[in-house]
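As structure tokens, the structure follows; a few thoughts come after it.
The values are calculated or read from the model by the stated rules, or taken from the named source; none is laboratory data. Owing to the predicted nature of the structure, the values given are computational and were not obtained by experimental measurement. Using ideal geometry, Cβ is built from the backbone for each residue, glycine included, and neighbour counts are taken over all protein chains shown. Surface accessibility is based on the protein's heavy atoms, side chains included, excluding ligands, DNA and RNA. Shrake-Rupley method; radii C 1.70, N 1.55, O 1.52, S 1.80 Å.
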Amino acid sequence: DTGVSQNPRHKITKRGQNVTFRCDPISEHNRLYWYRQTLGQGPEFLTYFQNEAQLEKSRLLSDRFSAERPKGSFSTLEIQRTEQGDSAMYLCASSLYASGGAETQYFGPGTRLLVL
Amino acid sequence: AQSVTQLGSHVSVSEGALVLLRCNYSSSVPPYLFWYVQYPNQGLQLLLKYTSAATLVKGINGFEAEFKKSETSFHLTKPSAHMSDAAEYFCAVSRPGGSYIPTFGRGTSLIVHP
């Protein structure tokens, strides 16, 4: 178990470009979450998957944001036509969900995005 | 709806002093409550969680928290602060059930003076 990994750790891009972030969860975990964290704030939920199914995506910030988890393992978060307001830390977390239990989310180190 | 309020964006203590970080929650159903710690440029690490069992919850690194329903509080304490405790601390609330989506507070930065 190597924990949750995220790549890249840092990304600098120009406004209007597309960016994609990758998250590799803990291998046996069936749930995967994406959050955004801006300076001085707590993580803000964006979306989550159970296996390959995206169970909640209404809180993605705009239609420029999309996420996939095609085989129920790693996930990608894409931001199209980036804006300066997208600059933030993007966190991924994974968990092992079982009905009736209180799952624990394990967080990755995050990808810090700077949009110039 | 659920929400968390962390009182004090910064808390400063001396090494060896008591640490008290405050968290009040709002939830329409009995909640699950969590405390996470975040060191600079790292992700969040779970310190402890309350899931309707014992109201006094012990976590890692000597931290503990007490669930007080009457006060809707879940304050985090540690008897003696260590320099390595300096970090950002987040309280979070979620509701039991299938769609586990936690709501985080804005965080409290703990500063430890030698």
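Looking at the protein assembly as shown from every direction and averaging, what is the projected area of its Cα convex hull in nm²?
Working: hull surface 50.6 nm².
Averaged projected area of the protein assembly as shown's Cα convex hull equals 12.6 nm².
Using only the alpha-carbon atoms, what does region B:1-56 span along each of its principal axes? Please give whole angstrom values in decreasing order.
Principal extents (Cα only, largest first): 37, 25, 22 Å.
What are the extents of the Cα atoms of region B:2-114 along their three principal axes, in Å, largest first?
The Cα atoms of region B:2-114 stretch 43, 29, 22 Å along the principal axes, largest first.
Quick one: with all protein chains in place, what share of the accessible area of the protein assembly as shown is carbon or sulfur, to the nearest percent (1.4 Å probe)? Let's see the in-between values first.
Details: 5440 of 11030 Å².
Ligands and nucleic acids excluded, carbon and sulfur give 49 percent.
Mind checking how much accessible area B and A bury in total, 1.4 Å probe, in Å² rounded to 100? Provide the component values of the computation, followed by the final result.
Details: alone 6190 and 6560 Å², together 11030 Å².
Summing both sides, the interface buries roughly 1700 Å².
With θ set to phi - 60° and the Karplus curve 6.51 cos²θ - 1.76 cosθ + 1.60, what are the ³J(HN,Hα) couplings of region B:50-61 in order, to the nearest whole Hz, using x for Gly and Pro?
10, 9, 6, 9, 5, 6, 9, 10, 9, x, 7, 6
In nm, to one decimal, how far is the B:Gln42 label point from the A:Glu78 one, both placed 7 Å along Cα→Cβ?
Between B:Gln42 and A:Glu78, the label points sit 3.4 nm apart.
Sorting check: for B:40-48, B:104-112, B:85-93, which peptide has the highest mean count of neighbouring beta carbons within 10 Å, and how do the rest follow? Kindly include the intermediate steps, with their values, before the conclusion.
Numbers: B:40-48: 17.4, B:104-112: 19.2, B:85-93: 22.6.
Descending mean neighbour count gives B:85-93, B:104-112, B:40-48.
At 1.4 Å probe radius, can you tell me the per residue accessible area of region B:8-114 in Å²? It would help to have the intermediate numbers written out before the result.
Values: 4890 Å² over 107 residues.
The answer is 46 Å² per residue.
How big is the convex hull of the Cα atoms of region A:14-100, per residue, in Å³? The partial results should precede the final answer.
Values: hull volume 8.6 nm³, N = 87.
Taking only Cα atoms, region A:14-100 has a hull volume of 99 Å³ per residue.
So how far apart, in nm, are the two label points at B:Arg106 and A:Leu116 if each is 7 Å from Cα heading toward Cβ?
So the two model labels end up 3.2 nm from each other.
Peptide A:30-41: average number of partner chain Cβ atoms within 10 Å per residue?
Values: counts 0, 1, 0, 3, 0, 4, 0, 6, 0, 0, 5, 5.
Partner-chain Cβ atoms within 10 Å, mean over residues of A:30-41: 2.
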